[in-house]
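Taken together, the values in this text are just the output of simple stated rules run on the coordinates, not laboratory data. Since the model is a prediction, treat every value here as computed from it, not as a measurement. We place every Cβ from the backbone using ideal geometry, glycine too, and count neighbours over all the protein chains shown.
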Amino acid sequence: MKKKKVLIVEDEMIISLLIERMVENLGHQVLKRVPSGEEAIICAREEKPDLILMDIRLEGEMNGIEAISQIHKDRNIPVIYISGNTDAHTQGKLRETEYIDFLAKPITISDLSRSFGLAS
């Protein structure tokens, strides 16, 4: 599998750091970790990641689903959602965006590895 440049969008610092460690242990590069949808949009434009790992509830006014909708207007960057929000309403909203996988928190490195395999 080709090494991917990854943007992590997660507002909980500890979880963000854990995900970063998992990504690096899988042999990929973390470009940046950001806590808000607004920052994710800017970072996606500037850094041009190969893959985005996106939480749904974030700091700021925008959630992860809205951020991906905006990002995909510029560039169709593959996304894996990682969230504790597994309710039917959220799942319905997810279907409005194009995404590779949805991982329910807490995640393991094997969950992430499998999802990265889908992103190839």
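What the table below lists for this structure:
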| read-out | value |
| --- | --- |
| Rounded to the nearest 20 debye, dipole of segment 53-120 from Cβ charges on Lys, Arg, Asp, Glu | 160 |
| Per DSSP, loop trypsin sites (Lys or Arg not before Pro) in segment 24-82 with at most 11 further Cβ within 10 Å | 75 |
| For segment 71-120: span of alpha carbons on each principal axis (Å, largest first) | 31, 28, 13 |
| Eligible aspartates and glutamates near residue 5 by straight Cα distance, threshold 14 Å, same-chain separation 8 or greater | 20, 24, 46, 47, 50 |
| Cα-centred dipole magnitude for the chain, charges only on beta-carbon of K, R (+1) and D, E (-1), debye, nearest 20 | 540 |
| Kirkwood Rh (inverse of mean 1/r, distinct Cα pairs), the chain, angstrom | 13.9 |
